[in-house]
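Below is one structure; the comments refer to it alone.
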Amino acid sequence: MVPEAQQRPFVTVAYADLLYLSARLLEHAGCPRPTAETVAAFFVEADLRGVGVQGVDYLPLILRNLRNGMIKPEAKPRIMKDKGACVLVDGGGGFGQIASVFAADVAVERAREFGVGVVGIHDAYDVYMLGVYAARMAERDTIGIVMSTGASLVHPYGGTERRLSTNPLAFGIPRGANAPIIFDMSTSALSNARIRHAAYHGEQVPRGSGLTVDGRPTTNPREIQRGAISPLAGHKGFGLAICVAMLCGPLTASSIGKSLAGWYDDPEGDTGPMGHFFMAIDPSKFLPIEEFKQRAEDYIEEIKGSRLAPGFTEIRIPGERQYKCKQESLKKGARILQATWKNLIRIAEESGVPVKQIPS
């Protein structure tokens, strides 16, 4: 977290109003209504969970890519290769969210039959908040693993030029009576969205976050946007990023590296097919599902019972904060960066899309 982030100006928007505006903007840009509402729901879900870096802040980019034809809003995912436990899905160049729901459900279905379901997505746009799909699988009593790639924004360990995506991965693990464990991370020092948000507000980012275009370390996010983000934990994040890239690119017959440059900010770059990786594991093939979940719950309690470090009031398990935040956001509204909201209002006014409520 960028230290200054807590002082950023926010507005609070009711869930229904945010969903309505997001869906109408997508529909105005050419999405069929059902697709617009599904995609909008996933972006709003991120904001409800307090993960604004994966939320409606991305809509301006999505709307631009819809209008320039890079995203095919009519596309529907289909199975292009079926080998039982292993399935390759064709996303048809459409929304990553639509293909990801399909892939997650197929993975769970195959895990029920074979113990494991591995689904690769070929040619679908960015899937954004991976943890939502990992949670979808975990809530169906399977262990969910999701990985994704995209345009190169990260330099390799020992190099200075963009050669890797932020290459995120997520795990969803069912547990007892509580919400699943949901761990969602990028393999870069900071996600691209966190760099962008820091740039919005003229903030500095932590040391080790990225390089200038000529390869010098910098804490200026605008210089990192022109240069490259650094890998997480040096060689460790670099190695992990390569592994994620291999599962999302070559394994799904999709592109990685320079061949995805046009998806981000290089108008002259290639826009090859983007790939993603989904896996579901059925614990009931190893032991009764309730026993697995109780074992998981027992270990979580052991972790939470650890002596607290100075300055901490609790030990939070990955995913807990998001679930609590969502319940609060549904009641009180989602907190949206003021800069994000102003962007959406401007686009809505230019498009003639009505805004049901403008927060003060």
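Taken together, the values in this text are just the output of simple stated rules run on the coordinates, not laboratory data. Because the structure is a prediction, the values reported are computed rather than measured. When we count neighbours, we look across all protein chains shown, and the Cβ atoms used for this are built from the backbone with ideal geometry, even at glycine.
Expressed as a whole number of Å, what is the distance separating the alpha-carbon centroids of segment 200-277 and segment 105-142?
24
Neighbouring Cβ atoms within 10 Å as the yardstick, rank His201, His276 fewest first. It would help to have the intermediate numbers written out before the result.
Details: His201 16, His276 31.
In increasing order of surrounding Cβ atoms, one gets His201, His276.
Gaussian network model of the chain, Cα springs within a sub-10 Å range: biggest mean-square fluctuation belongs to which of Arg335, Arg162, Arg307?
Arg307
Would you please give the FRET efficiency between Arg112 and Tyr299, computed as 1/(1 + (r/R0)^6) with r the Cβ-Cβ distance and R0 = 22 Å, to the nearest 0.05?
Details: r = 25 Å, r/R0 = 1.13.
In this case the efficiency is close to 0.35.
Ignoring everything except DSSP H segments at least 4 long, calculate the 222 nm mean residue ellipticity for the chain; use -39,500 (n - 2.57) per segment, divide by total residues, nearest 500.
Details: 11 runs with 139 residues, N = 360.
Only helices count here, giving -12000 deg cm²/dmol.
Just one of [x] 0.96; [y] 1.30; [z] 1.47 is Rg/Rh (Cα atoms, Kirkwood Rh) as worked out from the coordinates here. Which one is it?
[x]
Efficiency by 1/(1 + (r/R0)^6): what FRET value for Tyr323 and Asp214, r their Cβ-Cβ distance, R0 = 35 Å, to the nearest 0.05?
Details: r = 44 Å, r/R0 = 1.25.
The formula returns an efficiency of 0.20 here.
Of Pro174, Pro73, Pro250, which has the largest mean-square fluctuation in a 10 Å C-alpha GNM of the chain?
The residue that fluctuates most here is Pro250.
If we count other beta carbons within 10 Å of each Cβ, what is the order of Cys31, Cys248, Cys243, fewest first?
Cys243, Cys31, Cys248
List the lysines whose Cα sits under 29 Å from the Cα of Lys236, skipping any in the same chain fewer than 8 residues away.
Cα-Cα hits under 29 Å: Lys258, Lys304.
Alpha carbon centre of segment 292-360 versus segment 37-69: separation in Å?
15
Check the straight Cα-Cα distances from Lys83 and name the lysines below 29 Å, setting aside those fewer than 8 residues away within the same chain.
Output for Lys83: Lys72, Lys285.
List Tyr58, Tyr128, Tyr133 from most exposed to least, where exposure is judged by having the fewest other Cβ atoms within 10 Å. Mind showing how you got there, number by number?
On the way: Tyr58 19, Tyr128 26, Tyr133 29.
Ordered by Cβ neighbours within 10 Å, fewest first: Tyr58, Tyr128, Tyr133.
Please list, or write none, the aspartates and glutamates whose alpha carbon is within less than 14 Å of the alpha carbon of Lys332, excluding same-chain residues fewer than 8 places away.
Asp17, Asp47
Report the antiparallel proportion of the DSSP beta bridges in segment 55-157 as a percent, rounded to a multiple of 5.
Details: 4 of 10 bridges.
Counting DSSP beta bridges with both partners in segment 55-157, the antiparallel share is about 40 percent.
Taking 22 Å as R0, compute the FRET efficiency from the Cβ-Cβ separation of Lys81 and Ser284 and round it to 0.05. Please report the intermediate quantities before stating the final value.
Values: r = 27 Å, r/R0 = 1.22.
With R0 = 22 Å, the Cβ-Cβ based efficiency is 0.25.
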